[in-house]
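Below is one structure, written out as structure tokens; the observations come after it.
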Amino acid sequence: MDMKNIAVLFGGSSTEYDVSLQSAASVIDHLNPSIYHIILIGITREGTWLRYNGNTAEIRNDRWHTHASCIPAFISPSKNAGGIIELTGTEYRTTPVDVVFPVLHGKNGEDGTVQGLLELSGIPFVGCGTLSSAICMDKGIASQLVRAAGVDTAPSVTVFEGDDLDSAVNEAEKLGFPMYIKPSRSGSSFGITKAYNKLELTHGVQAAFLHDQKVIIEQNIAGFEVGCAVLGHSEPITAEVDEIELTGEFFDYEEKYSLRSSKIHLPARIDAKTAAKVKETARLIYKTLGCSGLARVDMFLTEDGRIVFNEINTMPGFTAASRYPNMMRYSDITYPLLMDRLIELAAAKELHR
Ligand SMILES: Nc1ncnc2c1ncn2[C@@H]1O[C@H](COP(=O)(O)OP(=O)(O)O)[C@@H](O)[C@H]1O
Ligand SMILES: [Mg+2]
């Protein structure tokens, strides 16, 4: 069998840089070295692209960029380049790449920017395309489209930087407390707060503006959050549904990565009929938002049995303990098999876009 050159992109100029390091290290560790030749490209927090030739331990502890092997490298938007271009002094060298796996979370990686570059380059890549990645990154726009497709979403108010804050807060008050305030484009709960009164609401909006010029204020959805891992293109498969059990206020950054007071149940503690409905809704959302490759669709299940869309992640967490690979494993797609599937799907993507 021919070896495939797989370029893994990690890090990124995003608040989720650290999360990407952990996800990417797991991805790299689970790529079968007898069939894949792995090329590593790290992107620093500042946005510098470097080819790296070291181990995953140095990625996990964020020492990779100090490694002597690091040399400036990038993917050319030019279609004839077909790979990674490395610079050594005034010389450059091209390494051909079959598939790029951008294990990047959040801004400048999961939001359509890198996907745009990869589409221009003509190199197949894992995950959603430019438009879909951009739409899914913007919680406000994703919710509008999902609502138009007939799925419930949380009632919300959108505020843009420069809008009159007092009138936005007065309008949002009608949603009723408590409410969630989110930067429209963020992840890992960065910039998200829960407000119980007008003062907290005002402060929450100001805090969210530190992350984005567009802020969404959402009604609190009483119930619990479930996730559904989706894999494929136009006829995607769904894995077993999981459930987040919270004892604290909400699934914030600390909780997501420590699970100190919350718990993930896999499978979710729901009956088969509800699970089937959740999967069907996840597939509808995936198709509505033009996803391809993979995504994790997060929804709330309310006390009165409704499914309410929360958000979608086009590059969900990928550590060995992360929800997406766990859900797939539960459905008999082990982590190494998932890697093979994603790479095959990337190569077949042109047919489905
Ligand atoms: N409208 C809402 N009602 C109830 N809980 C919410 C709502 N929006 C967000 N949350 C809570 O906040 C967490 C983070 O919000 P989310 O929109 O998923 O952002 P992120 O992209 O950072 O994960 C969710 O996992 C959930 O616990
Ligand atoms: Mg979330």
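Only lysines eight or more places from LYS4 in sequence, or on another chain, were considered; those with a Cα closer than 25 Å are LYS79, LYS349. Paramagnetic label reach from LYS277 (point 7 Å along Cα→Cβ; backbone nitrogen cut-off under 15 Å): within region 129-173, residues 151-153. Residue separation of GLU171 and GLU254 scaled by 0.36 nm, minus their Cα-Cα distance, works out to 26.8 nm of gained length.
Inter-label distance, PHE160 to LEU199: 3.2 nm, where each label sits 7 Å from its Cα along the C-beta direction. Zone of ALA148 (label point 7 Å along Cα→Cβ, backbone N under 20 Å): which residues in region 104-128? Within reach of a label on ALA148: 112. The lysines within cross-link reach of LYS214, meaning a Cα-to-Cα straight distance under 28 Å and a gap of 8 or more places when in the same chain, are LYS107, LYS139, LYS174, LYS182, LYS194, LYS198, LYS256, LYS287.
Are there trypsin sites (Lys or Arg not before Pro) in region 1-66 that DSSP puts in a loop and that have at most 12 other Cβ atoms within 10 Å, and which ones? Loop-located and lightly packed - ARG63. The per residue volume of the convex hull around the alpha-carbon atoms of region 63-159 is 156 Å³.
Loop-located trypsin sites (Lys or Arg not before Pro) in region 282-344 (DSSP state not H, G, I, E or B) with no more than 16 neighbouring Cβ atoms inside 10 Å: ARG306.
Under 5 Å between amide hydrogens, built in the peptide plane, is the criterion, and for ILE84 it picks out THR95, VAL97 among residues at least 5 positions away or on other chains. In the chain, the calculated helix contribution to ellipticity at 222 nm averages -9500 deg cm²/dmol per residue, counting -39,500 (n - 2.57) for every DSSP H run with n ≥ 4.
Can you name the helices of the chain, as whole DSSP H runs, whose Cα span along the helix axis is 27 Å or more and whose Kyte-Doolittle mean is not below 0.0?
none
One decimal place: the segment GLU235-THR302 gains 21.3 nm when fully extended, by the rule 0.36 nm per residue minus the C-alpha distance. Legend: P(r) of region 155-219 from all alpha carbon pair distances, 10 Å bins from 0, whole percents, reading 26, 62, 12.
Taking 41 Å as R0, compute the FRET efficiency from the Cβ-Cβ separation of GLU91 and ARG45 and round it to 0.05.
Details: r = 28 Å, r/R0 = 0.67.
Efficiency at R0 = 41 Å is approximately 0.90.
The alpha carbons of the chain give a radius of gyration and a Dmax of 20.4, 65 Å, in that order. Figure note: ASP62, ASP164, ASP2, ASP298 ranked by solvent-accessible area, largest first, 1.4 Å probe, ligands and nucleic acids not counted: ASP2, ASP164, ASP62, ASP298.
Computed on protein heavy atoms with a 1.4 Å probe, the accessible areas place LYS214, LYS79, LYS194 in the order LYS79, LYS194, LYS214, largest first. The largest accessible area among TYR324, TYR196 belongs to the first residue in TYR196, TYR324, and the rest follow in falling order (1.4 Å probe, all chains).
The values are calculated or read from the model by the stated rules, or taken from the named source; none is laboratory data. Keep in mind the model is a prediction, meaning the values are calculated, not measured. Positions of Cβ are generated from backbone atoms using ideal geometry, with glycine treated the same way; all protein chains shown enter the neighbour counts. When the accessible area is computed, the model is the full protein with side chains, heavy atoms only, and any ligands, DNA or RNA have been set aside. Shrake-Rupley method; radii C 1.70, N 1.55, O 1.52, S 1.80 Å.
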